[in-house]
Amino acid sequence: MNPTTLLTVESLRVAFAGREVVHGVSFDIRAGEKLALVGESGSGKTITALSLLGLAQGAHLSGKADFASSAGPLDLLAAPERQLRGIRGQDIAMVFQEPMTALNPVFTIGAQIAEVLEEKLGLAPAEFAQAAIDLIAETGMDDPARRAKAYPHQLSGGQRQRAMIAMALACAPKLLLADEPTTALDVSVRQQILDLLTDLQRRKGMAVLLITHDLHLVRKFADRVAVMEQGVIVEQGAVAEVFARPQHAYTRQLLDSLPVRDVRAPAPGAPVLLEARGVRVEYPIPQPGLRGWFSSGRFVAVQGADFRLHRGETVGVVGESGSGKSSLALAALGLVRHDGLVRVGGASWSGRAASDLSLRKQVQVVFQDPFSSLSPRLTVEELVGEGLDVHMPTLSRGERQERVVQVLEVVGMGQAQFPGILQRYPHQFSGGQRQRLAIARALVLEPAVLVLDEPTSALDVTMAQQVLLLLQRLQQERGLAYLLITHDVAVVKAMAHRVLVMQSGAIVESGELDAVFNTPSHPYTRKLLAASL
């Protein structure tokens, strides 16, 4: 092992129940180096990282993973659980993809960091309480003493990710495994987390193994890149070299899988299908002390929002987390109380279920995460056809099934490609396929408007490209209008005709796509665009 090499993985194989999913992977990481492991969902990159720490439950491992631990050279794959327990968090730490599920919801952030400090460093309570606050401060979170007392649900996505990083850095590890650390974050918060990791890595001399499908992130962050396809590393080398002159067809495919714009301008005089005028959305918030017993405060999530959405048009709503874009979408769907006017096809939401039923058929929604928005207990036939039970109860079972089969064909999920699809469950499909099922579920009622809430943020680059191409085709064929909620500027550029930029509940800039993105007038718009470069 080279003195400067921190980790050398040779011929790593991982199998579950006799089925091999990682096939002889080899790579190395030098001290203080940033290596990115890149590939689509199912390529084996996360399983590779988990295997190094003995966290791939039920896996059969073979090969070698020589690590320069504090106690001396160690083969991680051959080490007993007792030794690995000492390595985890101490020499090698991990930042998981989704902090909301990785953090314990019943303990404060400070308590969870303190638990690591007590377990690994044996600090006394008075010491680890302050040390936890210091670690939170080191990640750049404001008011660290107050944040230490907060529970995970009381923090934003970026703050939760910073808390995860603080926990991982508690014992000053030699190697940090970062599994999709910015996937669910908006562009500016993503840039903040990236800058934070870069700064901490440089100051502490820590090596980082970044696991991601985001090639833009790799280009900004990593020194070297290893590209994985179906459990095999097909190409690796310096980031600049691999991105400029990719040798493998799969690497070229990933680099070419950027959102492609294929949209048509709405027809002249196209009717307005969705209109908002002076929309204001407020939420009650508790007040401190005795006042909270008798009244609650008000948080204004959307203030004075105006827009029009025509047939065959896409309006993109962009902004950071907490900007109000999702609350605006909920108002458009009639799912939250609001002041002002929201009209769907000329009629306003009344707030009464019976009178709003016809409007709900006209405007449907596709959510961000299809795995959580689709019930795991319902078959595909039940999921896609659920809306028909409400809006077309007179359909016979055969007619209902025929409609479901037809719409599945439309989204590329026909029975020829997926035998027995009607009786399958969501967990039996990939992320991109589940999103197609979610689109089919919305389309089965033949709506005029689709609200798309981050429709590709949970997908890797090639799946995202496929879903966007599907949405573009459906718009051209059916004249659908889309209200697109996203933080991904590349998706807006591929899909939108007009753009609304939201900050702190207000629309700070709006207009045609080219005008807003090529000559932005508001500083916040310029900030978002700069973060996406």
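The values are calculated or read from the model by the stated rules, or taken from the named source; none is laboratory data. Here the structure is a predicted model, which means the values were calculated and not measured. Cβ coordinates were reconstructed from backbone atoms using ideal geometry, including for glycine residues, and neighbour counts include every protein chain displayed. Surface accessibility is based on the protein's heavy atoms, side chains included, excluding ligands, DNA and RNA. Shrake-Rupley method; radii C 1.70, N 1.55, O 1.52, S 1.80 Å.
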Checklist entry - If you check every pair at least six apart or on different chains, which have Cβ atoms under 6 Å apart with a residue in region 78-98 that is open to solvent by 70 Å² or more (accessible area, probe 1.4 Å) first and a residue that is outside any loop (DSSP other than H, G, I, E, B) and not hydrophobic (A, V, I, L, M, F, W, C) second? => result Phe96/Asp179; Gln97/Asp179
Next on the checklist: Let me spell it out: the conditions are (1) open to solvent by 10 Å² or more (accessible area, probe 1.4 Å); (2) within 30 Å of Phe307 (Cα to Cα); (3) among the small types (Gly, Ala, Ser); (4) modelled with pLDDT of 90 or more, and Ala440 meets all of them except one. Which number is the exception?
Outcome noted: (1)
Next on the checklist: Take the conditions in contact (Cβ under 8 Å) with a residue 40 or more places away in the chain, under 13 Å from Glu313 (Cα atoms), part of a loop (DSSP other than H, G, I, E, B) and touching a His at 6+ places or on another chain (Cβ under 6 Å) and apply them to Ala265. Does it pass?
Outcome noted: no
Checklist entry - Considering only helices (runs of 4 or more DSSP H) fully contained in region 377-463, which possess at least 2 residues that are closer than 30 Å to Met228 by Cα? => result 431-443
Item to check | Pick from region 1-45, criterion modelled with pLDDT of 90 or more and among the hydroxyl-bearing types (Ser, Thr, Tyr), ranking: surrounded by the fewest Cβ atoms within 10 Å (Cβ to Cβ) | outcome: Ser11
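Taking the criterion of being modelled with pLDDT of 85 or more, in contact with a Pro (Cβ under 9 Å, 6 or more places away or on another chain), assigned to a loop (DSSP other than H, G, I, E, B) and surrounded by fewer than 21 Cβ atoms within 10 Å (Cβ to Cβ), would at least one residue in region 149-159 satisfy it?
Within region 149-159, one or more residues are modelled with pLDDT of 85 or more, in contact with a Pro (Cβ under 9 Å, 6 or more places away or on another chain), assigned to a loop (DSSP other than H, G, I, E, B) and surrounded by fewer than 21 Cβ atoms within 10 Å (Cβ to Cβ).
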Next on the checklist: Any residue that is of a type in the set (Asp, Glu) and under 19 Å from Met100 (Cα atoms) - is there at least one of those in region 114-123?
Outcome noted: yes
Checklist entry - Within region 171-212, which residues are modelled with pLDDT of 90 or more, small (Gly, Ala, Ser) and touching a Lys or Arg at 6+ places or on another chain (Cβ under 9 Å)? => result Ala207
Next on the checklist: Considering only residues that are open to solvent by less than 10 Å² (accessible area, probe 1.4 Å) and out of contact with any Asp or Glu (no Cβ under 6 Å at 6 or more places or on another chain), which ones fall in region 198-217?
Outcome noted: Leu200, Met206, Val208, Leu209, Leu210, Leu217
Checklist entry - Based on what the data block shows, is Val344 within 27 Å of Thr314 (Cβ to Cβ), within 27 Å of the chain's Cα centre (by Cα), crowded, with 16+ Cβ neighbours inside 10 Å and among the aliphatic types (A, V, I, L, M)? => result no
Item to check | Restricting region 347-374 to residues that are within 15 Å of Arg436 (Cα to Cα) and among the small types (Gly, Ala, Ser), the residue that is modelled with the lowest pLDDT | outcome: Ser372
